[in-house]
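Enquirer: Right, I'll just put the structure down here and ask away after.
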Amino acid sequence: MRITYAARMRLLRSTDLALRVLMRLAVAGGSSPTTRDVADGMDVPYTHLAKVVAELQHMGLLEARRGRGGGLTLTEKGRTASVGAVVRAFEGGGDVVDCEGPTPCPLNSACRLRGALRRAQEAFFTSLDPVTMEDIVAEPTGALLLGISRGPDRPAS
């Protein structure tokens, strides 16, 4: 049995970035940072963040406008989005363990672990369902996020 990344209760990098982008935009106020601004502020590769932004836009959680005056803005759907729904969308619905992989587990036909881990994974997602993006950027987090977003060389807007 090979335990996948999610079994360690760690989020995929794309899930982490998605949540951080949404949090950043939730405290942006009237500004619309570009994908490059957000990538630089988070110290992550632009190409990675651009893929995450495209998926968040596809989900209707943010709007991305190109050109002069463009940038990223959180939609109302994004502001009230369930953290559980965002995590599910980025993590996917796969099993926590890979029982069918290249070397199938010999316990596969009678194993109770797979079901227990599936229930634990669903409990994890379910515990995040009632939490919204607004909830996770409420004070004191919002003020701290603004400070981090601006960085040491960026003045307050």
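The values are calculated or read from the model by the stated rules, or taken from the named source; none is laboratory data. Note that the structure is predicted; figures quoted are calculated from it, not measured. Cβ atoms come from the backbone with ideal geometry, glycine included; neighbour counts cover every protein chain shown. Areas reflect the complete protein model, heavy atoms only, side chains present, ligands, DNA and RNA absent. Shrake-Rupley method; radii C 1.70, N 1.55, O 1.52, S 1.80 Å.
Enquirer: Which of the residues spanning region 51-61 are more than 13 Å from the chain's Cα centre (by Cα) and either within 17 Å of LEU12 (Cα to Cα) or outside any helix (DSSP H, G or I) (or both)?
Expert: GLY60
Enquirer: I need a count of the residues in region 59-91 that are on the phi > 0 side of the Ramachandran plot and in contact with a Ser or Thr (Cβ under 9 Å, 6 or more places away or on another chain).
Expert: 3
Enquirer: How many of the residues in region 89-103 are modelled with pLDDT of 80 or more and open to solvent by less than 100 Å² (accessible area, probe 1.4 Å)?
Expert: Initial filter on region 89-103 (modelled with pLDDT of 80 or more): 89-92, 102-103.
Cutting the leftovers down to open to solvent by less than 100 Å² (accessible area, probe 1.4 Å) gives us 89-92.
Residues flagged as modelled with pLDDT of 80 or more and open to solvent by less than 100 Å² (accessible area, probe 1.4 Å) within region 89-103 amount to 4.
Enquirer: While we're looking at this one, here's another question. Step by step: first the residues of region 121-144, then only those that are in a helix (DSSP H, G or I) and of a type in the set (A, V, I, L, M), then the one that is surrounded by the fewest Cβ atoms within 10 Å (Cβ to Cβ). Which residue is that?
Expert: Just the residues of region 121-144 that are in a helix (DSSP H, G or I), to begin with: 121-128, 133-136, 141-144.
Among the residues that remain, those that are also of a type in the set (A, V, I, L, M) are: 123, 128, 133, 136, 143-144.
On the way: ALA123: 9, LEU128: 15, MET133: 21, ILE136: 16, ALA143: 11, LEU144: 12.
Once the filter is applied, the top-ranked residue is ALA123.
Enquirer: Looking at region 90-106, which of its residues are under 21 Å from LEU56 (Cβ atoms) and either touching an Asp or Glu at 6+ places or on another chain (Cβ under 8 Å) or not in a loop (DSSP other than H, G, I, E, B) (or both)?
Expert: Start the filter on region 90-106 by keeping residues that are under 21 Å from LEU56 (Cβ atoms), which leaves 90-94.
PHE90, GLU91, listed by residue number.
Enquirer: All but one of (1) within 23 Å of LEU145 (Cα to Cα); (2) part of a helix (DSSP H, G or I) hold for ARG118; state the number of the condition that does not hold.
Expert: With respect to (1) within 23 Å of LEU145 (Cα to Cα); (2) part of a helix (DSSP H, G or I), ARG118 is out only on (1).
Enquirer: For region 29-48, which residues satisfy the criterion of being more than 15 Å from LEU74 (Cβ to Cβ) and outside any loop (DSSP other than H, G, I, E, B)? Talk me through it step by step, then tell me what you get.
Expert: Pass one, region 29-48, residues more than 15 Å from LEU74 (Cβ to Cβ): 36, 39-48.
Of everything in region 29-48, those that are more than 15 Å from LEU74 (Cβ to Cβ) and outside any loop (DSSP other than H, G, I, E, B) turn out to be ARG36, ALA39, ASP40, GLY41, MET42, TYR46, THR47, HIS48.
Enquirer: Still on this model: Just name the residue that is surrounded by the fewest Cβ atoms within 10 Å (Cβ to Cβ) out of those in region 62-71 that are in a strand (DSSP E or B) and charged (D, E, K, R).
Expert: Among those residues, the one meeting the criterion is ARG65.
Enquirer: Every residue in region 72-89 that is of a type in the set (Ser, Thr, Tyr) and either outside any strand (DSSP E or B) or over 12 Å from the mean Cα position of the chain (by Cα) (or both), please.
Expert: Filtering region 72-89 for residues of a type in the set (Ser, Thr, Tyr) gives 73, 75, 80, 82.
Those that are of a type in the set (Ser, Thr, Tyr) and either outside any strand (DSSP E or B) or over 12 Å from the mean Cα position of the chain (by Cα) (or both): THR73, THR75, THR80.
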